[in-house]
Amino acid sequence: MEAVLGIDIGGTSIKAGFFTPEGELLEERKIPTPELVSDEAYAVVTDGLTKMLATHDCGPADVIALGLDIPGPVADDGTVGFLPNIKLDPEGLVAAINAAFPNATVAFVNDANAAALGEMWSGVARGVSSYVLIALGTGVGAGVVVGGKLVAGAFGAGGEVGHITVNPGEERTCGCGRKGCLEQYASATGVVRLYLEECERRGVTPASVEHATDTLTVFRALAAGDECAKLAVDQMCEYLAQAMAQISCIVDPAMYLLGGGVAGAFATFAPELRRRFAAHALSTCRDVRIEAASLGNQAAMYGCAYEALRLRGERLGE
């Protein structure tokens, strides 16, 4: 049986998916790992994957494609860039994987890009050749697909829509070092900040926000009629719509997919987002579909497996 593996790399564990080449997920398994910077750590990964294969009567030689997604930029040629939030030696890990799974084509994919590919393989974007998945989480990232292929960019920055400037007059500095980035307003952190700032400005007591990314509380407050929550979500929609209108002028996608933690409340803010997008968009782009992503936190796992399979097909066709 031919096997395809998709591996979502985290700081203290990996989440591994065992797929058929047709995209059916047969098993998902979490494997606790140390920092992936040593032979011992790589062995934890390869041993864990081998054990998962064995439960399906498969061995390492049956793996034809293996994809890994990481929270950092990956260039067109597969080169991994800066990894600010994880300890990982990509070259060392790939060498260990190549040794353990000798028949596998290996691919690295940025996590937001992987989520976009996952939606194309087995999600709501199946059959759609041009779309943008925007992940609204702690930050804002995106995966851009044009003509059925991911746009990673020459330097791995394709899809960094969180750093589109939407408010040039902003004094607050973004984590990227610039000001007025979309991420400051449309991320979970941004929505919570906007809410708390508006409460302070009006001198009202906010709902009990538990942490800096607790958008669930903000959306509950919105449902309860909290005017400060409404203003925060309206600002999120306004800046997000502005950014999407700019993206459409360059990419002209058929569809936008909203994913990430903030998108859990998509049904709540979707009408306002669609209205504001229509107000900002170039007339020829106004009919774009704006939908919720469908695969949740499994999307990146699907996507990196798909990219490895696609890369294998390309190489076999050379």
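The values are calculated or read from the model by the stated rules, or taken from the named source; none is laboratory data. Source: prediction; values computed, not measured. Please note: Cβ atoms are built from the backbone with ideal geometry, for glycine as well, and neighbour counts cover all protein chains shown. Ligands, DNA and RNA are excluded from the accessible area calculation, which covers all protein heavy atoms including side chains. Shrake-Rupley method; radii C 1.70, N 1.55, O 1.52, S 1.80 Å.
Quick test for you: out of L316, L311, pick the one residue that is modelled with pLDDT under 95, more than 25 Å from the chain's Cα centre (by Cα), over 19 Å from A186 (Cβ atoms) and not basic (K, R).
On the way: L311 fails: more than 25 Å from the chain's Cα centre (by Cα).
L316 is the lone residue from the list that is modelled with pLDDT under 95, more than 25 Å from the chain's Cα centre (by Cα), over 19 Å from A186 (Cβ atoms) and not basic (K, R).
Looking only at segment 236-272, how many residues end up being over 26 Å from G153 (Cβ atoms) and within 18 Å of the chain's Cα centre (by Cα)? Before the answer, list the steps.
Of segment 236-272, the ones over 26 Å from G153 (Cβ atoms) are 237-238, 264-272.
Then drop every residue that is not within 18 Å of the chain's Cα centre (by Cα), which leaves 264-266.
Matching residues across segment 236-272 total 3.
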task: Among the residues of segment 236-288, count how many are among the polar types (S, T, N, Q) and either open to solvent by 50 Å² or more (accessible area, probe 1.4 Å) or closer than 19 Å to A115 by Cβ (or both).
output: 4
- prompt: Just for segment 214-229: of the residues that are within 26 Å of the chain's Cα centre (by Cα) and open to solvent by 50 Å² or more (accessible area, probe 1.4 Å), which one is farthest from L136 (Cα to Cα)?
  reply: R220
field: Scope segment 186-243; condition small (G, A, S) and in contact with a Phe, Trp or Tyr (Cβ under 9 Å, 6 or more places away or on another chain); matching residues
entry: A186, G190, A207, A221, A229, A232, A241
message: From the list D57, D69, exactly one residue is touching a Gly at 6+ places or on another chain (Cβ under 8 Å) and among the charged types (D, E, K, R). Which is it?
response: D69
message: Give all pairs with beta carbons closer than 6 Å in which a residue from segment 137-165 that is under 15 Å from E307 (Cβ atoms) meets a residue that is open to solvent by less than 20 Å² (accessible area, probe 1.4 Å) and of a type in the set (D, E, K, R); count only pairs at least 6 apart in sequence or on separate chains.
response: none
- prompt: With respect to D287, is the statement that it is of a type outside the set (K, R) and farther than 24 Å from F219 by Cβ true?
  reply: yes
- prompt: What tally of residues in segment 149-188 results from selecting those that are at pLDDT 90 or above and acidic (D, E)?
  reply: 1
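Each row is one residue, and each column tells you yes or no for (1) closer than 15 Å to I70 by Cβ; (2) open to solvent by 40 Å² or more (accessible area, probe 1.4 Å).
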residue	(1), (2)
A16	yes, no
P21	no, no
R29	no, yes
P32	no, yes
message: If a residue must be within 22 Å of L66 (Cβ to Cβ) and among the aliphatic types (A, V, I, L, M), how many such residues does segment 260-318 contain?
response: 9
- prompt: Which condition number in (1) surrounded by fewer than 20 Cβ atoms within 10 Å (Cβ to Cβ); (2) assigned to a helix (DSSP H, G or I); (3) touching a residue at least 12 places away in the same chain (Cβ under 8 Å); (4) not basic (K, R) is the one that S294 fails?
  reply: (2)
